[in-house]
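The next block holds one structure in the form of structure tokens; read it before the comments.
Just so it is clear, none of the values below were taken in a lab; they were calculated from the coordinates. Not measured: the values here are computed from a predicted model. Cβ: placed from backbone, ideal geometry, glycine included. Neighbour counts: every protein chain shown.
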């Protein structure tokens, strides 16, 4: 017990961040610009979304090779949504006086076609031993912002930019699929993504499932897999990903599915 207490004390002396439930994202070298959208679902911490957005932008400019980094931009090739889901003094395991714990959900999506690319849960802790003029809340914000940039750096955002192949303007309908409900299914899928961006996972999952029931599509089923993974329902998520892979998925989607399954299997 004394050894555990000492370990917790040593760890708490320094600000730190952990990244959990991560899906390897698409190669960041294909993206030249990124839009950052940050919000907070935590009462009393709504104003910290602006501070976290500033931290993320600053760290991305330092560590990545994006030509453009900033707030909401309709023309950005990559969209980064970050939602503060928990903030305060209670870590859920042990409460340390003067230490702020902050958790956030990261969702990456393609700014051109809206496809979801990856998710991660990020937890940041301020140092427990404060000094004169230090701000534990701001310190937690800074470590979360740094963790976001570190995650993208590991996926190639710091390398040279690579030209991206243009997708076909008109895609042929999938064989054997009744497209008469496509508009309604797409609306459900988009509503699900918006719920996911705000970290409302049960609502997002229900909408993705409704879209897939209305018009079975590998993209919708992959989003079901993503949502289940964020909810830490590992076996169900793997099942959904395998189902998406069997639904005449395009090669680029199959690659994302395989990476997601690999990440999910580490949590089983």
Spin-label point model (7 Å from Cα, Cβ direction): what's the residue 258 to residue 137 distance in nm? 4.7
Using Cβ counts within 10 Å as a stand-in for footprinting exposure, how do 197, 48, 30, 222 rank, fewest first? 30, 197, 48, 222
Residue order, fewest to most surrounding Cβ atoms within 10 angstrom, among 100, 18, 119: 18, 119, 100
Order of 75, 164 - criterion: other Cβ atoms within 10 Å of each residue's Cβ, fewest first: 75, 164
Please work out the Cα convex hull volume for the range 179-265 and give it in Å³ per residue. 81
At 0.36 nm per residue, and after removing the present C-alpha to C-alpha distance, how many nm does the segment from residue 235 to residue 203 gain when stretched out fully? 9.6 nm
Please compute the length gained on full extension between residue 266 and residue 89, using 0.36 nm multiplied by the number of residues separating them and subtracting their Cα-Cα distance. 60.7 nm
